[in-house]
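Peer 1: Below is the structure I would like to discuss, written out as structure tokens.
The values are calculated or read from the model by the stated rules, or taken from the named source; none is laboratory data. Just so it is clear, the model here is predicted, and its values are computed rather than measured. FYI the Cβ positions are ideal-geometry reconstructions off the backbone, even for glycines, and counts take in every protein chain you see. Ligands, DNA and RNA are excluded from the accessible area calculation, which covers all protein heavy atoms including side chains. Shrake-Rupley method; radii C 1.70, N 1.55, O 1.52, S 1.80 Å.
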Amino acid sequence: MRHPSRFQATVLVLFFLSGATGLVYEVVWHRMLVLVFGSTAFATATILASFMFGLALGSFCFGRVVDRYGRPLELYAYLEAGIGVFAILFPFIISGATAIYVGISQNLDTTFYLFSLLRFILSFLILVIPSFLMGGTLPVLSKLFVRDFGRLGSGIGSLYGTNTLGAVVGTFSAGFLLIILFGAKETTYIAAAVNILVAGVALGLSRFVPLQHVDERREDTSPDSREPARQRYPPYVYPIVLVVYGLSGFCALAYEVLWTRVLVFYVHSTTYAFTIMLSSFLAGIALGSLVFGRLVDKTKQQMSLLALIEVLIGLFAILSIWEFSRLNDLMIGLTDRLPSWQMFVVARYVGAFLIMFVPTLLMGMAFPLASKIYSHNRQKLGRHVANVYSVNTVGSVLGSLAAGFVMIPLIGITNGIIVVASLNVILGVVILVSNPFMRRGGKLAALVSIAVVVPVAGLAISTDRPLGLYSRPFNDLREGGEVVFYNEGIGATVTVHQLPPDPVDKQVYRLLEVDGVNVAGTLPMLRLSQKLQGHLPILLYKASTGRDPGNVFLLGMGTGASSYAATRHRIDRLDVLEIVSAEVDALPYFREINGDILNESKVRVRIDDARNYLLATEEEYDVIESDTIHPEQNANLFSREYFELARARLSRDGVFSVWLPMYQMSEE
């Protein structure tokens, strides 16, 4: 090979594009799959878990294959081609999956948990092939890219960092550009074309890479003889490092979930909050892996450095609690100076990046470092890198599930951050104690320092106020406003916000807010909207048919005022679909406008995704209406597909109505 530096640069470009397409798929396929499985917290967790378990499985398997395969770049080309071909077929697979899902929903009467298991199996079967192939790319290229075992850290760091940097571009492109300009299906085809192009270039380049002969791969089964003596760790170190890095992945995705649930208060859109958070999160990891990969090869105190990284991640995670309490002032300062949509996005990126940059930078450093420590046999490099990546990915899945379904409902977001930060510190202590090359005196001094610094940092951070209440919608808390109900649930955070006495009529009004976005309340204009939404569609049906409607479907519970208005008519039944269960818990705070709606015999409340329910049900409705659901909360409920689905569930003379916040929407 005449120009190895050019060759490596070309491989990195290919892997950058591979990372970009991978995140484009994750964003786009997630949007497509929630239209089938619903956008409840359980459904979205099912999709994420299926995708990431496929990545872990692919990494685990292909890491072993590449150690026995003579042409890693050729194998990489086949993986990329497989991903591209599957992506082209994905829209057709979704159509088939929709038919299967609807059939199961309509014909199988089962429990919620069994149905969730069936949904996971179906989701896994859809995503396992592409995610399996994606998971194999890193260990396969590691075998190609790392020829000098003494530079393993910089090699792995360059690969992982470049791929993650591509993921940042893919996340931003999919969330803010491609889907808006071309649509979900077309975006998938664009990414597939890139994958096939990458496969073609990689296959062409593979002809210039000499075959790794069997004898070369088996020539040395002992630790690399060129490694310094202090790098030859005792056998007990390797499983400890593997377990610690797996739990580090648990912490990383737990932070991602917890920070997103706070950030949505400041962005007011779950879609933009996720895109901003994920791209900021990945950017820090990419920079950490790229910049500090070389440092990993130079240091001889690798376990001490890994211990320090884990402790610092925990400390900066605790610091993020204080940073979120100041985030509102920063964003207001930026957007007030240059009020525009572009500055709105920039301000939120700046805020999210400042909070997450240091801890994610440290997370990025950890992967090449853990790979360097664990990869003790050059001939099994693919297997070793795969093991490190796989356990981290499995830990990531478990961390996201634990944060979303256990920590937030049981102990809240702020305490969840503290618990995960504490786990990071414990992991650092475990690595520190396990370090065979650190003297007892050094270990004792480090442990004493940790024992002093961590509690002081924890005590210095105020946790008496939920982090979302520092955002702009709650500025009036300084002027006599009060939060009388606060629930950090599985799907969202619901608050009942009691405003200060109105300066004109001296009345005290209440607002119902979901993740900081007002959805209903007792203000006169809000009550008018809620009454109209409940009465008007039914009155239109009466006027056009001359009879009362039978079954009525209402999307969203809100304060219950729209439901109460609908029950004032002679209807047979009102089906209310609400995706956030905490909204139902908040109903007692609005009894004066909802007439204690839960005790109304005509009303049947179901906690589910409304679009998903209409997709799967065989019920027919005379009236389908919505409460004041804002597009920022669920844009899928304002799509052409949803309107077509609603029309399919209407009776012959049925009426469909939807609430649109025209004052907050552009002409486009």
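Peer 1: Tell me, what ³J(HN,Hα) does each residue in the range 203-208 have, in order and in whole Hz, if you take phi through Karplus 6.51 cos²θ - 1.76 cosθ + 1.60 with θ = phi - 60° and put x for Gly and Pro?
Peer 2: Each residue's phi maps through the Karplus curve to give 5, x, 5, 4, 5, 9 Hz.
Peer 1: Along the Cα→Cβ direction, 7 angstrom out, place labels at K300 and Y589. What is the inter-label distance in nm?
Peer 2: 6.2 nm
Peer 1: Sticking with this one: Does anyone have the angle between helix 112-145 and the longest principal axis of the chain? Alpha-carbon axes, 0 to 90°, nearest 10?
Peer 2: 30 degrees
Peer 1: Here's another thing I want to ask about it. Averaged per residue, what accessible area in Å² does the chain show with a 1.4 Å probe, protein chains only?
Peer 2: Numbers: 28380 Å² over 668 residues.
Heavy-atom accessible area per residue stands at 42 Å².
Peer 1: Also, quick follow-up: Measure up K531/K602; K380/K443; K143/K380; K300/K372; K298/K380 against 20 Å on the Cα-Cα distance and list the ones that go over. Intermediate values should be presented prior to the final figure.
Peer 2: On the way: K531/K602 18 Å; K380/K443 32 Å; K143/K380 9 Å; K300/K372 11 Å; K298/K380 22 Å.
Pairs exceeding the cut-off: K380/K443; K298/K380.
Peer 1: Sort 387-396, 652-661, 465-474 by the packing proxy (mean of other Cβ within 10 Å over each peptide's residues), most packed first.
Peer 2: Working: 387-396: 24.7, 652-661: 15.8, 465-474: 19.8.
Ranking the peptides 387-396, 652-661, 465-474 by packing returns 387-396, 465-474, 652-661.
Peer 1: While we're on this one: Please turn the phi angles of the range 369-374 into ³J(HN,Hα) values with the Karplus equation 6.51 cos²θ - 1.76 cosθ + 1.60 (θ = phi - 60°), one per residue in order, whole Hz, x for glycine and proline.
Peer 2: Values per residue, Gly and Pro as x: 5, 5, 5, 5, 5, 7 Hz.
Peer 1: Then there is this: Would you kindly derive the ³J(HN,Hα) couplings of the range 24-38 from the backbone phi angles with the Karplus curve 6.51 cos²θ - 1.76 cosθ + 1.60 (θ = phi - 60°), listing them in order in whole Hz, with x for Gly and Pro?
Peer 2: So the Karplus estimates, Gly and Pro as x, are 4, 4, 4, 5, 5, 5, 4, 5, 6, 6, 5, 5, 9, 8, x Hz.
Peer 1: Net charge near E74: determine it from the other residues with C-beta under 14 Å of the C-beta of E74, scoring Lys and Arg +1 and Asp and Glu -1. Let's see the in-between values first.
Peer 2: Numbers: positive: R68, R71, K143, R207; negative: E80.
That sum, taken over residues with Cβ under 14 Å, equals +3.
Peer 1: While we're on this one: If each DSSP helix of 4+ residues adds -39,500 (n - 2.57) and the sum is divided by the residues in the chain, what number results at 222 nm, nearest 500 deg cm²/dmol? Don't skip to the end; give the middle numbers.
Peer 2: On the way: 22 runs with 437 residues, N = 668.
The per-residue figure over the chain is -22500 deg cm²/dmol.
Peer 1: Using alpha carbon centroids, what distance separates the range 43-118 and the range 430-496, in Å?
Peer 2: 36 Å
Peer 1: Please sort 118-126, 156-164, 547-555 by packing, taking for each peptide the average over its residues of neighbouring beta carbons within 10 angstrom, highest first. Don't skip to the answer; put the middle values down first.
Peer 2: Details: 118-126: 18.1, 156-164: 27.0, 547-555: 21.3.
Listed from highest to lowest mean packing, they are 156-164, 547-555, 118-126.
Peer 1: Computed over the Cα atoms, what is the radius of gyration of the range 60-190 divided by 2.2 N^0.38 Å, N being its residue count? Write out the running numbers ahead of the final one.
Peer 2: Details: Rg = 18.9 Å, N = 131, 2.2 N^0.38 = 14.0 Å.
So the range 60-190 has a normalised radius of gyration of 1.34.
Peer 1: Still on this model: Can you give me the % of accessible surface on the range 334-475 that is carbon or sulfur? Probe 1.4 Å, all protein chains present, nothing else counted.
Peer 2: Reported share for carbon and sulfur atoms: 68 percent.
Peer 1: Which order do peptides 369-378, 429-438, 496-505 fall in by mean Cβ count within 10 Å, highest first?
Peer 2: Values: 369-378: 24.4, 429-438: 18.0, 496-505: 14.5.
So the order, starting with the most tightly packed, is 369-378, 429-438, 496-505.
Peer 1: Which label belongs to the value computed from this structure, given these candidates for Cα extents along the principal axes in Å: [x] 88, 55, 49; [y] 96, 63, 48; [z] 96, 55, 54?
Peer 2: Label of the calculated value: [x].
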